[in-house]
Amino acid sequence: MITRIRGEMLEITPDYCVVMAGGLGYKIYIPDNCQEEIPDPGQEIDLHTYLSVREDAMTLYGFTSGEQLAVFELIMNVSGIGPKIALALVGTIPPTEFYLSVLNDQVNQLTKVPGIGKKSAQRIILELKEKVKDITSKDAYQDISASEKLDNTGEKLGISTRHKHLDELKAALSSLGYTNREIEKTVDAIQGQITEGQDMEELLRLALQKLNTK
């Protein structure tokens, strides 16, 4: 499996680029929103890649970030969705907006993608919602130390529930690729909107919405 290619940019077209690496020229299809990040011919490029293998062809798809590749691979798991539509989705909707669309059942947002109708959008949400929840929260919960576990009465040992949730939120945002500076600014900005009883999913939605308005 070819998962990453670094080399010299040889050619750029509206649909694909050609990268020379190790004496070989790789034709790599890229999403529309990567075009501005692609360097001019002669310069070095580093792409995260996905190799699609069929009986009649092997096709490479490239992305400028690991987050884009993760979304592409996630969408490819949906029944009836192939690489062409998956690439169009990644090229139309940034990863953060995609996660929000799935978590918030935003069918209309997904139907903005060429090739995705209402039924396909509903299927994407149905099949991926639990996976998206897992992606956006599992790292945070794995990072909770033993000293932060609940006692038998539901009270936090050594740290407040509010503090714990903020730490979990920061870890979840970090797992999505946001920088420490972006995370701290976002958490500071939404603290006044946090109410008692909010769970991690609600906090994450709030943070992603704030990040998405920048």
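Annotations
- Restricting the range 205-214 to residues that are surrounded by fewer than 14 Cβ atoms within 10 Å (Cβ to Cβ) and closer than 24 Å to L69 by Cβ, the residue that is modelled with the lowest pLDDT: K214
- Positions within the range 50-66 being surrounded by fewer than 18 Cβ atoms within 10 Å (Cβ to Cβ), within 20 Å of the chain's Cα centre (by Cα) and closer than 20 Å to T92 by Cβ, in sequence order: S52, S65, G66
- Selection status of I124, crowded, with 17+ Cβ neighbours inside 10 Å, at pLDDT 95 or above, touching a Gly at 6+ places or on another chain (Cβ under 9 Å) and outside any loop (DSSP other than H, G, I, E, B): no
- Residue within the range 67-76 that is surrounded by fewer than 19 Cβ atoms within 10 Å (Cβ to Cβ), among the hydrophobic types (A, V, I, L, M, F, W, C), touching a helix residue (DSSP H, G or I) at 6+ places or on another chain (Cβ under 9 Å) and closer than 28 Å to Y178 by Cα present: yes
- Members of the range 93-129 found to be within 15 Å of A70 (Cα to Cα) and of a type in the set (S, T, N, Q), listed by number: T96
- Subset tally (residues that are among the small types (G, A, S), over 25 Å from K131 (Cα atoms) and modelled with pLDDT of 75 or more) for the range 150-204: 1
- With respect to the conditions (1) surrounded by fewer than 19 Cβ atoms within 10 Å (Cβ to Cβ); (2) closer than 18 Å to K119 by Cα; (3) of a type in the set (A, V, I, L, M, F, W, C), I38 falls short on a single one, namely (2).
- Lone qualifier among Y61, Y16, Y26 - being in contact with a Pro (Cβ under 9 Å, 6 or more places away or on another chain) and on the phi < 0 side of the Ramachandran plot: Y61
- Selection status of D139, at pLDDT below 50, surrounded by 14 or more Cβ atoms within 10 Å (Cβ to Cβ) and in a helix (DSSP H, G or I): yes
The values are calculated or read from the model by the stated rules, or taken from the named source; none is laboratory data. Small disclaimer: the values here were computed from a predicted structure and weren't measured. Reconstructed Cβ throughout: ideal geometry from the backbone, glycine too, with neighbour counts over all protein chains shown.
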